[in-house]
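Everything on this sheet refers to the single structure shown next.
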Amino acid sequence: MSAEEKPGMKLWLKLLLAGSLALNLAVIGIATGTAWRFSGKDRHWQRPPSVGAMIFRELDRDTRKALRQEAGGAHGSYYKRRQAEGEAVIGMLRSADFDAQELLTILQIQAATRRAFHTKVQEAWVRKLEAMTAEERAAFASRMEERMQRRGGRWHERQNGRD
């Protein structure tokens with residue numbers, strides 16, 4: 001039999017081999033990415049927690065719940081309000097009669113609402129600090145500093161039954 005007479009590879013076999021190669025490459029990519037991410041080297045993507053997040057987590061559960069409910073406003077919850085804000089922006093972006101000034105106004109209103117929430121959280125936290133002794137504040141400052149140095153991982157630990 002000459003080279004011209006040999007039958008070619010069947011289409012289903014070519015597709016099977018191509019699919020197998022794609023799957024192998026995907027698995028290798030996932031394994032490599034996972035190994036790189038958890039290698040401990042070059043952890044630039046893991047930032048220390050924001051001071052605002054640490055402040056919020058230091059408040060007692062009831063205070064956090066009340067602040068979130070208040071921040072939710074007419075939407076009923078903070079999450080639903082933030083979702084509605086995002087949907088409003090997306091709706092404006094898709095609008096055929098896009099109005100840049102109106103979008104800017106909405107973004108400024110949303111930012112002012114977030115600032116008001118942050119201010120209330122900060123005020124509640126400072127009131128909590130006012131009630132602490134100098135030693136309690138120093139211990140808190142040490143915990144806060146240690147959390148910021150951890151870079152990633154679980155930065156909020158439950159201590160003494162607090163949540």
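The values are calculated or read from the model by the stated rules, or taken from the named source; none is laboratory data. What you are looking at is a predicted structure, and each value in this text was computed from that prediction instead of being measured. No Cβ is skipped: glycine too gets one built from the backbone with ideal geometry, and neighbour counts run over all protein chains shown.
If you go through region 96-106 and keep only what is surrounded by 12 or more Cβ atoms within 10 Å (Cβ to Cβ) and either out of contact with any helix residue (DSSP H, G or I) (no Cβ under 7 Å at 6 or more places or on another chain) or of a type in the set (Asp, Glu) (or both), you end up with just GLU102. Cβ-Cβ distances below 8 Å connect the following pairs, each with a first residue in region 109-132 that is over 30 Å from GLY86 (Cα atoms) and hydrophobic (A, V, I, L, M, F, W, C), a second residue that is at pLDDT 90 or above and assigned to a helix (DSSP H, G or I), and a separation of six or more residues or different chains: LEU129/ARG137.
Can you go through MET92, MET148 and tell me which one is within 23 Å of ALA53 (Cβ to Cβ) and of a type in the set (A, V, I, L, M)?
Just a single option satisfies the conditions, and that option is MET148.
The set of residues in region 74-95 being at pLDDT below 80 and surrounded by 14 or more Cβ atoms within 10 Å (Cβ to Cβ) consists of HIS75, TYR78.
Residues checked against (1) at pLDDT 90 or above; (2) surrounded by 11 or more Cβ atoms within 10 Å (Cβ to Cβ); (3) hydrophobic (A, V, I, L, M, F, W, C):
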{"site": "HIS118", "(1), (2), (3)": "no, yes, no"}
{"site": "GLU135", "(1), (2), (3)": "yes, no, no"}
{"site": "ALA139", "(1), (2), (3)": "yes, yes, yes"}
{"site": "GLN149", "(1), (2), (3)": "no, no, no"}
{"site": "GLY152", "(1), (2), (3)": "no, yes, no"}
{"site": "HIS156", "(1), (2), (3)": "no, yes, no"}
{"site": "ASP163", "(1), (2), (3)": "no, no, no"}
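Apart from one condition, GLU70 fits all of (1) charged (D, E, K, R); (2) surrounded by fewer than 13 Cβ atoms within 10 Å (Cβ to Cβ); (3) closer than 28 Å to MET144 by Cβ; (4) out of contact with any helix residue (DSSP H, G or I) (no Cβ under 8 Å at 6 or more places or on another chain); the exception is (4).
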